[in-house]
Structures are given as C-alpha cells and as structure tokens.
Amino acid sequence: MRRRPTSKAPGTLFLALSFALAGTAAEAEVRIKTLSDGTKVIYNESADQKARRQADRLLAVPSSEIEALIDRYARRRGMSPELVQAVIQVESGYNANALSSKGAMGLMQLMPATARELGVTDPYDPEQSIRGGTLYLRRLLVRFGDLRKALAAYNAGPSAVDRHAGIPPYRETERYVRKILGVYHGTAVPPQLLQEYARSEALRRERERKPEPRGGDKVYLVRDEHGNLVMTTSPKN
C-alpha cells in the first residue's frame, strides 16, 4: 500500500496542499485511514492503481507518454520493456506520486539515497523516475548476473543479497520476486521455485567452499607394465 506518512501523534493530520494538487495526485483518490494507535494515514492511491499493483498479469500501460518513456529507457539499458513495465506495475501501479511507508518515491519507487546516487532530482517526475530506475535495475543485473537476485536487490537492497549470497529470506522480498516474475512471464510463480533456487544456490556455494577431491587420500607405490615403480592414487586391482 502506498501512502504519505503523517504525524505519529494520535488524531493529528497534515496534508500538504502541494501534494493534493500536484500532477497525477489530483487524479488519485485521497483517502484517510486511522490506525489502531490513532495515527492517521493519507492514501493517495486510486482503486485502479491498487488493482494494477495487485494484478497477476502484465496490463497495458495507462499512458502513451509513459509507455514511450519505458520503451526508450529500457532499450537504452538493453532490457525488455515488459520487464520495466512489470516492475512499475508492481511497485506503484503507475501512480507517479506514490510514496511508500519506507520513503520510496515515484513510479519506480526509488529511495532518497538511491535517487541522489542516480542523479534523480525529482523522483516524482515520470521521466526521471524511469531513467533512474532502469539505470539502477541494469546495474543490479550486471552486478549479480541473475534476474532473481537483481529483483531481490531492488526490493531489499544489494547488501542484503550479498549478505545472504542470494535472495534474502525475507517474506516480503520473496513475495516481491515471485510477483515480478509472475507478471513478467505471464504465469504464476510458485513459492517452491524460489525454495529450489535457494537450495541450488546453497549447494553451489558448498561446492565452491569444498572442492571435490581429485582422487583418494592414499598414495600407492606400484609397478607399471615395464616394471618401473610409480606413485598413484588409483592402484591396480
């Protein structure tokens, strides 16, 4: 759920006029929900945007301008436009003014530090968000060499993927990777797929840590067909 954070004081509510009138925010349905502790949360997500985020298949891009931006920057990064569409659809539902509870912003939900690193000065500007988001995703693909790891890093951060040498065992991240892959490939991805992937990664790392021995532990001294003494790890029967 995308939302703008408000004051933690019970019963207190702040809504910036600039947010209420800015860009596509004026088109969204601004709703208010009161949490159990009295905190009021402002939601700037329309029913259509929420439905897009929750869809299990790739939907048509709702704006020809955004579709053109996706196509331009995806191809510039050497990526499939459908992959970028899947990320935007799941991340923000094409709500250019989306703001997560963790501070991720815009169509491609860039965190403030990541946006600055990518040279994005306005994360709510569709072109800047797509330009920066596709560059970031491309860097992750190059760094990890695997789409699943790259998506996990997009959600949980590269350090988490490095720390766990693969998809972090976070329920949110596992669901995120399955969701993106399902939307991108047009089919539901069962949880077992990531579990099998994790097991295969663990086995691979184990093999890298403990190379298989090239022969037995014992060395035998035997004679060859010419009667010469030779050392071998595979004695004749």
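The values are calculated or read from the model by the stated rules, or taken from the named source; none is laboratory data. Since we're looking at a predicted model, the values are computed, not measured. All Cβ positions, even for glycine, are placed from backbone atoms using ideal geometry, and neighbour counts span all protein chains on display.
Miscellaneous remarks
- Annotation: of all residues in segment 106-136 being among the aliphatic types (A, V, I, L, M), closer than 16 Å to Ala86 by Cα and out of contact with any Phe, Trp or Tyr (no Cβ under 6 Å at 6 or more places or on another chain), the one that is surrounded by the fewest Cβ atoms within 10 Å (Cβ to Cβ) is Leu135.
- Answer residue from segment 85-133, given it is part of a helix (DSSP H, G or I) and out of contact with any helix residue (DSSP H, G or I) (no Cβ under 9 Å at 6 or more places or on another chain) and is nearest to Asp48 (Cα to Cα) among those: Pro112
- Residue that is assigned to a helix (DSSP H, G or I), modelled with pLDDT under 95 and touching a helix residue (DSSP H, G or I) at 6+ places or on another chain (Cβ under 7 Å), where the choices are Tyr136, Tyr184: Tyr184
- For Ser46, the conditions (1) over 15 Å from the mean Cα position of the chain (by Cα); (2) closer than 22 Å to Glu174 by Cβ; (3) of a type outside the set (D, E, K, R); (4) surrounded by 15 or more Cβ atoms within 10 Å (Cβ to Cβ) all hold with the exception of (2).
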